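What follows is calculated from the coordinates using simple rules that are stated; it is not laboratory data. It should be emphasised that the depicted structure is a prediction, and the values quoted were computed from it without experimental measurement. Cβ atoms come from the backbone with ideal geometry, glycine included; neighbour counts cover every protein chain shown.
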């Protein structure tokens, strides 16, 4: 039976905890990935994913519905348009501020990892139990690879 070291990707994209969320998003887009480990002093200290970024941003950018969907007077609509313009500028400023935040502020700190000798069944159970899409492979407290759900599916059909 195949084990983690047979399936893992050894060319692991990872980030330092002081990387900006903007840099992370840019790498995710360029590499077409949705998550990666956060590594400090060769040790995995967290995981960052698109879901973490979206969750963090939605908490920071939550806002009430600006325009009512009920018919209103023209002056009320104009006031709302002015408010929307101000809100848009505030939104842009907040988005700019958030894009400079470091990964350490939004990463998941509860890292679920596997060993190189973990078998397919163990990997699948760990992913399912912990509802994670990727697992870092750790040996001697160092990151040596990563396995995603896609890697697991690929191994199952081979």
TODO: Sort 47, 8 so that the residue with the fewest other Cβ atoms within 10 Å of its own Cβ comes first and the one with the most comes last.
DONE: 8, 47
Task: Stokes-Einstein D for the stretch 99-152, Kirkwood Rh over Cα pairs, 37 °C, 0.692 mPa s (µm²/s) - done: 269
Open item on the list: Taking 4 °C and 1.567 mPa s as the conditions, I'd like the Stokes-Einstein D for the stretch 1-61 in µm²/s, using the Kirkwood hydrodynamic radius from alpha carbon pairs.
Closed with: 101
- [ ] Could you list 134, 149 in order of exposure, starting from the residue whose Cβ has the fewest other Cβ atoms within 10 Å?
- [x] 149, 134
